[in-house]
1. Specify which of the listed residues (Ser110, Ser117, Ser138) is closer than 24 Å to Ser238 by Cβ and in contact with a helix residue (DSSP H, G or I) (Cβ under 8 Å, 6 or more places away or on another chain).
2. Can you name the residue in region 117-150 that is among the charged types (D, E, K, R) and in contact (Cβ under 8 Å) with a residue 24 or more places away in the chain and, of all such residues, is surrounded by the fewest Cβ atoms within 10 Å (Cβ to Cβ)?
3. Please report, ordered by residue number, the strands (runs of 3 or more DSSP E) entirely within region 19-74 with at least 2 residues that are touching a residue at least 24 places away in the same chain (Cβ under 8 Å), touching a Leu at 6+ places or on another chain (Cβ under 8 Å) and over 14 Å from Leu100 (Cα atoms).
4. With the checklist (1) free of Cβ contacts under 8 Å to residues at least 40 places away in the same chain; (2) assigned to a helix (DSSP H, G or I); (3) farther than 26 Å from Leu146 by Cβ in hand, flag the one item Ala221 doesn't pass.
5. Is there a residue in region 151-170 that is hydrophobic (A, V, I, L, M, F, W, C), without any contact (Cβ under 8 Å) to a residue 12 or more places away in the chain and either part of a helix (DSSP H, G or I) or surrounded by fewer than 21 Cβ atoms within 10 Å (Cβ to Cβ) (or both)?
6. Report yes if some residue within region 97-116 is at pLDDT below 90, of a type in the set (D, E, K, R) and either surrounded by 15 or more Cβ atoms within 10 Å (Cβ to Cβ) or on the phi < 0 side of the Ramachandran plot (or both); otherwise report no.
7. Checking the structure you have, find out if any residue of region 221-243 is farther than 23 Å from Phe23 by Cα, β-branched (Val, Ile, Thr) and in contact with a helix residue (DSSP H, G or I) (Cβ under 7 Å, 6 or more places away or on another chain).
8. Scan region 76-106 residue by residue and report those that are in contact (Cβ under 8 Å) with a residue 40 or more places away in the chain, farther than 27 Å from Arg5 by Cβ and outside any helix (DSSP H, G or I).
Amino acid sequence: MKTPRALVTGAGGFVGQALCQGFARRGWEVIALDRHFVDLPKDPRITRFEVDLCSTEWTRLPEELDLIIHAAWVTTDPMSLGMSRGDYITQNVLALAAVLGFATRTPPDSFVFLSSSGVFSANDAIEGLTDQHRPTGSSPYAEGKLKSEGLVASWASEGLSRTYVVRLGHLFGVGEVVRPTRQVVSLVARWMSEARKGSSLEVRADDPLRDWTYTEDLAPAIERLTADRVEQSPVHLSSPQTLRDSEVASLIASE
């Protein structure tokens, strides 16, 4: 039986690393792409390539792929990086365009673009977001993701691969650390860090209700999604359980 093969961009990051390890655990061969790898554990099923997506020699990569997941994204606010809004959006969109170019030349069975619930603004829903709500986020991050969703939708119309836009919500998991491209970690990671130091855990006064998805659950969820022959886009991939910030903080403090 043929071993399925996935290519993951942004594989050195928090989400990309979880995807690489998750698919490897599920018996996939994984091609991991990133500019730099720090702590992606060595695994015989994972082949790492240190590349700049916009200038990489794509001919070096295997051509027969069952799945491409584009997880690469600069999440840090552009001002913190000394970038303009336009440069930030352009950098992220050009990286996606390069990956889509490769996918056009060597189409995988399925293509997944990882977007985010960050495309929504605080005013898009009063009593909780649903699939019917139209995102109107205006931050550089939201604008970049929405432009990219549009680019993926346009590429999907060519019918080369089954194509999915997957919007992720609040994430937590192993290996979450500050990186230049992701300078703000999740609340869960911050609370755990404070708890280890014996500090009190601060919670916002409005104590928001959030869904939290464990990153190790992403690979099996995406594998199941792409096994369905019916394309669904966008898909809001999140946990059905929701908790107040105070509930999560109390759980962490009690451990």
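1. Ser110
2. Filtering region 117-150 for residues that are among the charged types (D, E, K, R) and in contact (Cβ under 8 Å) with a residue 24 or more places away in the chain, the one surrounded by the fewest Cβ atoms within 10 Å (Cβ to Cβ) comes out as Asp131.
3. Numbers: elements: 29-34, 46-50, 67-70.
By residue number, 29-34, 46-50.
4. Of everything listed in (1) free of Cβ contacts under 8 Å to residues at least 40 places away in the same chain; (2) assigned to a helix (DSSP H, G or I); (3) farther than 26 Å from Leu146 by Cβ, Ala221 misses just condition (3).
5. Step one: list which residues in region 151-170 are hydrophobic (A, V, I, L, M, F, W, C), which gives 151-153, 155-156, 160, 165-166, 168.
If we keep only those that are without any contact (Cβ under 8 Å) to a residue 12 or more places away in the chain too, we end up with none.
The answer is no; no qualifying residue exists.
6. Going residue by residue through region 97-116, those that are at pLDDT below 90 are none.
The answer is no, given that none of the residues of region 97-116 is at pLDDT below 90, of a type in the set (D, E, K, R) and either surrounded by 15 or more Cβ atoms within 10 Å (Cβ to Cβ) or on the phi < 0 side of the Ramachandran plot (or both).
7. Going residue by residue through region 221-243, those that are farther than 23 Å from Phe23 by Cα are 241-243.
From what's left, β-branched (Val, Ile, Thr): 242.
Checking which are in contact with a helix residue (DSSP H, G or I) (Cβ under 7 Å, 6 or more places away or on another chain) leaves us with none.
Within region 221-243, none of the residues are farther than 23 Å from Phe23 by Cα, β-branched (Val, Ile, Thr) and in contact with a helix residue (DSSP H, G or I) (Cβ under 7 Å, 6 or more places away or on another chain).
8. Result: Thr76, Asp77.
The values are calculated or read from the model by the stated rules, or taken from the named source; none is laboratory data. All figures in this text were calculated on a predicted structure; none of them were measured in a lab. Cβ: placed from backbone, ideal geometry, glycine included. Neighbour counts: every protein chain shown.
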